[in-house]
Amino acid sequence: MSRIGKKPVELPKGVSATVSGQTIEVKGPKGSRSFTATDDIDIKLEDNVVHVAPRGLSKRARQQWGMSRSMVANLAQGVTDGFKRELELVGVGYRAAMQGKDLKLSLGYSHEVVFDVPAGVTVTTPKPTEIIVEGSDQQLVGQVAANIREWRRPEPYKGKGIRYKGEYIFRKEGKKK
């Protein structure tokens, strides 16, 4: 039995859902999102509560059960509150600024890095050393944040680079004479 899959997903006020076959579409104040489950899963909508259940006791059905419930819960959270990842730039001269729809990063290279922000995600820079990635799709927000971080990952000796806010960087001791 899946501990996560057994829990019903209650839709918050202002959110509506429609189930047609294996596809559930959730609409809310931040837009509309949909998820298509595999044939091993049943999705039922009763009184603004979504129930997810496996169709059989096969291993694949049990694997998909909890994941499908998590995806439906993420749809509901995405259209109401949205998802957010915060990044920090640590290093001398490391800066970020939005220019139109592009994110310009100065990361110690001989050139500025221009990052094209995909549709469905908003990127803001409240400070030159802070980047906030927001959107209604959790996977897309996390992937965009990871792609930005990939330009200059935090290094263990000085701790310079782009890191997630609150991330701990294991520091190494340098050479000794």
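Among the residues making up region 106-130, a single one is touching a Phe, Trp or Tyr at 6+ places or on another chain (Cβ under 6 Å) and either crowded, with 18+ Cβ neighbours inside 10 Å or charged (D, E, K, R) (or both): 107. Could you tell me whether region 78-90 includes any residue that is buried (at least 18 other Cβ atoms within 10 Å of the Cβ) and without any contact (Cβ under 8 Å) to a residue 40 or more places away in the chain? No: region 78-90 contains no residue that is buried (at least 18 other Cβ atoms within 10 Å of the Cβ) and without any contact (Cβ under 8 Å) to a residue 40 or more places away in the chain.
Matching residues to (1) farther than 17 Å from residue 30 by Cβ; (2) assigned to a helix (DSSP H, G or I); (3) at pLDDT below 95:
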| site | (1), (2), (3) |
| --- | --- |
| 64 | yes, yes, yes |
| 85 | no, no, no |
| 123 | no, no, no |
| 134 | no, no, no |
| 172 | yes, no, yes |
| 175 | yes, no, yes |
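Scanning region 131-150 for residues that are in contact (Cβ under 8 Å) with a residue 24 or more places away in the chain, crowded, with 17+ Cβ neighbours inside 10 Å and of a type in the set (A, V, I, L, M, F, W, C) yields a count of 6.
The values are calculated or read from the model by the stated rules, or taken from the named source; none is laboratory data. Only a predicted model underlies this, so the values are computations on that prediction, with no experimental measurement involved. Virtual Cβ from ideal backbone geometry, glycine too; neighbours counted across all protein chains shown.
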